[in-house]
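The values are calculated or read from the model by the stated rules, or taken from the named source; none is laboratory data. What you see is a predicted model; the values in this text were computed from it and never measured. For neighbour counting, all protein chains shown are included, and Cβ atoms are generated from backbone atoms with ideal geometry for every residue, glycine included.
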Amino acid sequence: MTAPVLIDHPAFFGDQHGYYERVREDTPGPHLVRNPHGLEYWLVTRHAEAKAVLLDARFSKEPRLAAPALSAAGYPDQGPGSFFLPLVNSDPPDHTRLRALVSGAFTPRRVAELGPRVEEITHQLIDEFDAGAGQPPVDLMAAFAFPLPVLVISELVGVPHRSRAALIAWATRMLTVSGTAGGGPGERTRRLGLWFASLVAARRPGVRGDVPPEEQPDLLSALIAAHHQEERLSDEELVSLLVLLLVAGHETTTGMIGNAVDALLRHPEQLARLRAEPDLMPGAVEELLRYEASLARTTLRVAREDVEVAGAVIPAGAIVSVSLAAANRDPDVCPEPGRLDIARERAPHLSFGHGIHFCLGAPLARLQVRTALTALLERCPGLALADPGQPQHWRPVGDMRGLLTLPVRLTSGATA
């Protein structure tokens, strides 16, 4: 067997799509990789194999099955008290039970009801940084793409207004990538879990236990009610679901907004067409999600037994990840995959995953990206990169694909 390919180094982040293109050409199936922490796993890069793996119950989402390898690579403990995101890192029947408890927050009706509030938050944020012509460049990540999702999640969950500044502060810590101040990701997740635990304790006395979860006023109340009724949810699961909503819902949507704006600004002909033909927006959002997915790779899976994938045998106990970014640009399903075309006949993308772990928050994420782009195009007709010659600065996080900063110039529209 050849030595594992090293990934997640600085050069990789600068040329991720070029790397995957070369791998698809050189390797017909999954290939073994190693990250800088020393963790080895099989990486799936082609669209057909990606869908097959994501549907295959022989690949478990239970991280404890790979505990020795994860521990040796320095990954945080997945045991009790770690708030290890059980909805993501579990298999049926636990996954089925937990997903059912949260799914009510993302029904088409609930998402539609959030629409006006998402639009209001979006315009409020633009009001704050669009101070008129002549202002210095604005970092659109910090001023817009970052706060929008966390404020929307606050609305969805039912976080009190007085606590939202604290939630934004926690979200900032979760997305910090420089140094180790405040502890590593595992410690930050644990502390965020403790913060949510205190929020649950404060809300619990006011939740009516005789009201079914689906009739509660917000998701936090619904989860507390589910905890009380028939022991459907443990304390740790309740808090972990709240942590997941912030970590997964916020980080991915922030990346989606930043990636979409950056892609349009680097393709001015596509931006001009979208301005001229706003009815293209829904399809444009799907193409932007395909072109630069914010979730570059899925969370890890573990083979329960030997599994053959495209001619490669992945042995029992081996770790597997699917590159959604690579699958989205597989030329077998998308002609000219490296070309951005907002009017493209919809190419199938896997940016929200596939199978039983398909992202529950996909409708809300789509709503936020669509609302954000529509508002920016309307309010900032002169929106442009502050320095088009500067390279993109990507967050050095292997499974995520998001910009650290996005400096832009603005021309004020009608803000009254």
Query raised in the report: Can we say LEU98 is at pLDDT 90 or above, under 30 Å from ASP235 (Cα atoms) and in contact with a helix residue (DSSP H, G or I) (Cβ under 9 Å, 6 or more places away or on another chain)?
Result: no
Report task. Filter the strands (runs of 3 or more DSSP E) completely within region 266-353 down to those with at least 2 residues that are under 24 Å from the mean Cα position of the chain (by Cα). Result -> 301-303, 319-322
Query raised in the report: Only one of these conditions is not met by GLU21: (1) buried (at least 18 other Cβ atoms within 10 Å of the Cβ); (2) modelled with pLDDT of 85 or more; (3) in contact with a strand residue (DSSP E or B) (Cβ under 8 Å, 6 or more places away or on another chain). Which number is it?
Result: (3)
Requested in this report: For region 329-372, name all the residues that are out of contact with any Asp or Glu (no Cβ under 9 Å at 6 or more places or on another chain), in contact (Cβ under 8 Å) with a residue 60 or more places away in the chain and of a type in the set (D, E, K, R).
Outcome: ASP330, ASP332, ARG370
**Report entry** Residues that are farther than 22 Å from PRO331 by Cβ, hydrophobic (A, V, I, L, M, F, W, C) and surrounded by 12 or more Cβ atoms within 10 Å (Cβ to Cβ), drawn from region 7-18
**Finding:** PHE13
Query raised in the report: Are any residues in region 24-39 exposed (fewer than 14 other Cβ atoms within 10 Å of the Cβ) and either in contact (Cβ under 8 Å) with a residue 40 or more places away in the chain or acidic (Asp, Glu) (or both), and if so, which ones?
Result: GLU25, ASP26, PRO28
Report task. Scan region 131-150 and give yes if some residue there is modelled with pLDDT of 90 or more and among the aromatic types (Phe, Trp, Tyr), otherwise no. Result -> yes
Query - Unmet requirement for THR374, which otherwise passes all of (1) in a loop (DSSP other than H, G, I, E, B); (2) modelled with pLDDT of 95 or more - result: (1)
